[in-house]
1. I need the helices (runs of 4 or more DSSP H) fully contained in the range 178-296, keeping only those with at least 2 residues that are of a type outside the set (A, V, I, L, M, F, W, C), in contact (Cβ under 8 Å) with a residue 40 or more places away in the chain and within 25 Å of MET84 (Cβ to Cβ).
2. Residue by residue through the range 50-65, note down the ones that are under 17 Å from GLY210 (Cβ atoms) and surrounded by 18 or more Cβ atoms within 10 Å (Cβ to Cβ).
3. Applying the selection to the range 253-284, what residues are over 23 Å from ASP4 (Cα atoms) and either among the aromatic types (Phe, Trp, Tyr) or at pLDDT 75 or above (or both)?
4. Take the range 209-234 and flag every residue that is within 30 Å of MET264 (Cβ to Cβ) and surrounded by fewer than 19 Cβ atoms within 10 Å (Cβ to Cβ).
5. Out of the range 248-274, which residues are more than 11 Å from ILE213 (Cβ to Cβ) and not hydrophobic (A, V, I, L, M, F, W, C)?
6. Of all residues in the range 147-177, which are surrounded by fewer than 16 Cβ atoms within 10 Å (Cβ to Cβ), polar (S, T, N, Q) and in a helix (DSSP H, G or I)?
7. Does THR170 satisfy the criteria of being more than 27 Å from ASN252 (Cβ to Cβ) and not aliphatic (A, V, I, L, M)?
8. Just to be sure, is GLY217 touching a helix residue (DSSP H, G or I) at 6+ places or on another chain (Cβ under 7 Å), closer than 17 Å to ALA96 by Cβ and small (Gly, Ala, Ser)?
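The values are calculated or read from the model by the stated rules, or taken from the named source; none is laboratory data. Predicted model, so just to flag it, every value in this text is computed and none were measured. So basically every Cβ, Gly included, is an ideal-geometry build from the backbone, and we count neighbours across all protein chains shown.
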Amino acid sequence: MKRDWARAIGIGGALVVVISIVWEFARMQPDNNYLANPWAHRGYESVHGTIFATIGLVLLVAVLLVASKASQSLWNSLAIVAAMIIAGWLIALVFAGGEDVTVASDSIVAFLLAVAIGIGIAFGATRYAEARSLDAVANTLGGATGTLIKMAIIFVVTILLGLIIGDEMTVPAHVGILIIMVLLGVVTSLMKTPSMAANRMLIASALVAGTAIGFSGAAIRSTLIRLQSETDPFIPGQYRDTQVTWGYFLANIGVILVFIGAVMLWARRRDIVQSQQRAAKQREAAEASARELAAAR
């Protein structure tokens with residue numbers, strides 16, 4: 001029996017993220033073990049562990065859905081994309097519902113948003129041209145000239161987004177995550193071969209999850225300091241003496257494994273689609289040849 005390594009790596013990575021909460025997430029330097037209490041905490045003892053476990057479970061379900069044969073259908077693929085968008089938004093709503101994020105017009109976040117919107121517009125125009133059989137327009141947008149057109153669109157979107165944001169704009173964190181997930185969903189769905197949208201969205205979701213987990217190290221260390229001050233406000237540890245430990249690193253390793261598994265699933269699905277497309281072209285050529293032979297008789 002042939003082993004499905006892509007599925008196994010993706011599932012294994014998601015499980016690593018979940019079980020990472022059993023290990024320590026942060027601890028004080030050894031010299032402070034008996035001065036600051038608690039001097040260490042495990043994942044399940046803080047909200048960060050709950051977030052990591054939730055992300056891991058969502059990634060696990062996403063890998064199982066994308067790896068299933070049902071995802072090969074166009075509408076099922078788009079439904080899985082929608083489910084990932086909703087899941088990402090719900091996680092942000094539950095765990096960061098009361099927090100806000102500020103986006104400056106000259107920040108890298110605003111630029112990335114402009115790039116995502118611009119690429120989405122370009123891909124949407126390309127798919128529209130293909131659907132309307134506007135081959136000349138589709139070929140132009142997909143060729144070298146199309147690259148220049150995409151850059152121009154991104155430039156215009158950047159200016160418009162800067163006018164909308166102004167100096168800076170503050171939005172609820174869950175709204176920001178929803179915007180990012182929707183943009184990713186739109187871009188992955190409008191790319192060539194929409195039936196592979198779920199595979200591309202799984203890769204994007206793994207990147208988003210990895211970013212969220214990777215940048216949580218500072219918050220994990222701050223949580224340990226807060227737990228210490230709640231226990232004994234007179235002898236708390238210092239932030240500089242606090243370090244993240246194995247639980248945090250295991251979660252990051254797990255997300256990397258999910259990303260690798262997602263890429264492998266995408267590559268396998270791409271090969272299947274390309275084989276189906278070649279077979280379809282061969283059938284069309286054979287049918288056309290048969291019609292010509294029949295007409296010549």
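1. Correct list: 197-214, 246-296.
2. Listed by number, the residues that qualify are ILE51, PHE52, ALA53, ILE55, GLY56, VAL58, LEU59, LEU60, ALA62, VAL63.
3. ARG278, ALA279, LYS281, GLN282, ARG283, GLU284
4. Result: THR211, GLY214, PHE215, GLY217.
5. Across the range 248-274, the qualifying residues are GLY261, ARG268, ARG269, ARG270, ASP271, GLN274.
6. The one that is surrounded by fewer than 16 Cβ atoms within 10 Å (Cβ to Cβ), polar (S, T, N, Q) and in a helix (DSSP H, G or I): THR147.
7. Criteria met by THR170.
8. yes
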